[in-house]
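Structure first, commentary second.
The values are calculated or read from the model by the stated rules, or taken from the named source; none is laboratory data. The shown structure was predicted, so the numbers you read here are calculated from the model rather than taken from an experiment. All Cβ positions, even for glycine, are placed from backbone atoms using ideal geometry, and neighbour counts span all protein chains on display. These accessible areas exclude ligands, DNA and RNA; they are computed on the full protein's heavy atoms, side chains included. Shrake-Rupley method; radii C 1.70, N 1.55, O 1.52, S 1.80 Å.
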Amino acid sequence: MISAKLDEQLCFEVYRAASHFNKLYTHVLAPFQLTYSQYLVLLALWEQDDVMTKDIGERLNLGIGTLNPILSKLLKRGWIEKTVSPVDKRATIISLTDYAKDQQPNIEKAILAQLEECGYLMEEGRALRQQLHELNEFFEHFSLK
């Protein structure tokens, strides 16, 4: 039988960990005037630049209604540029600005310093990330009936 106690729920521990990560990254990203969500978009673009909006949404598992405000703020602050796709005039291509490319090492250095300070994340983080990756893969292929 599954316990109804909050503290014994896997979903609650995952929720709490996500909340703590959000706070940690929010603190580290504040000097760059970035939110955690904006940082995730930049991470996706640093991996692969010049991509369609829908591809970023799929990569981050974000709907267009959630993604567009994030992109608008990044655009306003000079992190990204938007252009109309030459292939499909209805689609938008998102590209990093030189400023975003130049800031990547500074952001990575700030995050790494914070993570090193949290020793646990460096030592146990790889195994935990792999377990969460497997859990997310399961849920992505699990269909609710």
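Some points to look at:
- Top of Val41, Val14, Val87 by mean-square fluctuation, Gaussian network on the chain, Cα under 10 Å: Val87
- Here the stretch 1-136 exposes an accessible surface that is 54 percent carbon and sulfur, computed with a 1.4 Å probe and the other protein chains kept in place.
- Using 0.36 nm per residue and subtracting the Cα-Cα separation, the extra length available between Gln33 and Asp7 on full extension is 5.9 nm.
- Long-range amide H partners of Thr97 with built H, under 5 Å: Ile80, Glu81
- Under-5 Å amide H pairs with Thr92, H placed in peptide plane, nonlocal only: Thr53, Lys54, Ser85
- 3J(HN,Hα) couplings calculated from phi for the stretch 125-138 with the Karplus curve 6.51 cos²θ - 1.76 cosθ + 1.60 (θ = phi - 60°) are, in sequence order, x, 4, 5, 5, 4, 5, 5, 5, 4, 5, 4, 5, 4, 4 Hz; Gly and Pro show x.
- Annotation note: trypsin sites (Lys or Arg not before Pro) in the stretch 74-135 located in DSSP loop regions with a Cβ neighbour count of at most 13 within 10 Å are Lys89, Arg90.
- Cα gyration tensor, the stretch 1-69 - rounded (a/c under 1.5), prolate or oblate: oblate
- Label-to-label distance, nm, for residues given as Lys82 and Glu124 (7 Å Cα→Cβ offset): 4.2 nm
- Here is how the number arises for the chain: DSSP H runs of 4 or more residues each give -39500 (n - 2.57), the sum is divided by the residue count, and the result at 222 nm is -21500 deg cm²/dmol.
- Accessible surface, the stretch 87-136, averaged per residue in Å² (probe 1.4 Å): 73 Å²
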